[in-house]
Amino acid sequence: MHNGKIKKLVRERGFGFISDTDGREVFFHRSSVVDTQFDALNEEQDVEFDIEKSEKGPRAINVRVVKQQ
C-alpha cells in the first residue's frame, strides 16, 4: 500500500492524480475508488492506494481515503 495526497481532480472526466510520498504523480480513475464516492473526494485529501502498471504508465487502484484520527 502506498500513501499520498490527491493533487488534482478532473471531476467532469472522472479521473485525478495523486502525489505519492516518493514525490511522483500517479493517475487514478473514478472506478478505482473504494469505500467512498469519487464525487466526495477533495484535493489535498490523504489517501492510500496500490499501484498497477498500465499501457500509459503506473495507475493507482484501490484508492481509499485515510481517516483522520
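The values are calculated or read from the model by the stated rules, or taken from the named source; none is laboratory data. All values reported here derive from a predicted model rather than from experimental measurement. Don't worry about glycine lacking a Cβ; one is built from the backbone with ideal geometry, like all the others, and counts go over all protein chains shown.
List of remarks:
- From the list Lys67, Lys56, the lone residue that is touching a strand residue (DSSP E or B) at 6+ places or on another chain (Cβ under 8 Å) and of a type in the set (D, E, K, R) is Lys56.
- Residue that is surrounded by the most Cβ atoms within 10 Å (Cβ to Cβ), among those in the range 22-66 that are within 11 Å of Ile6 (Cα to Cα) and among the polar types (S, T, N, Q): Gln45
- Some residue of the range 1-12 being among the charged types (D, E, K, R), without any contact (Cβ under 8 Å) to a residue 24 or more places away in the chain and in a strand (DSSP E or B): no
- The lone exception for Pro58 - which of (1) at pLDDT 95 or above; (2) assigned to a strand (DSSP E or B) it fails: (1)
- Residues located in the range 13-23, provided they are part of a loop (DSSP other than H, G, I, E, B) and at pLDDT 95 or above: Gly14
- For the residues Val26, Val47, Val63, the requirement of being part of a strand (DSSP E or B) and touching a Pro at 6+ places or on another chain (Cβ under 6 Å) singles out Val26.
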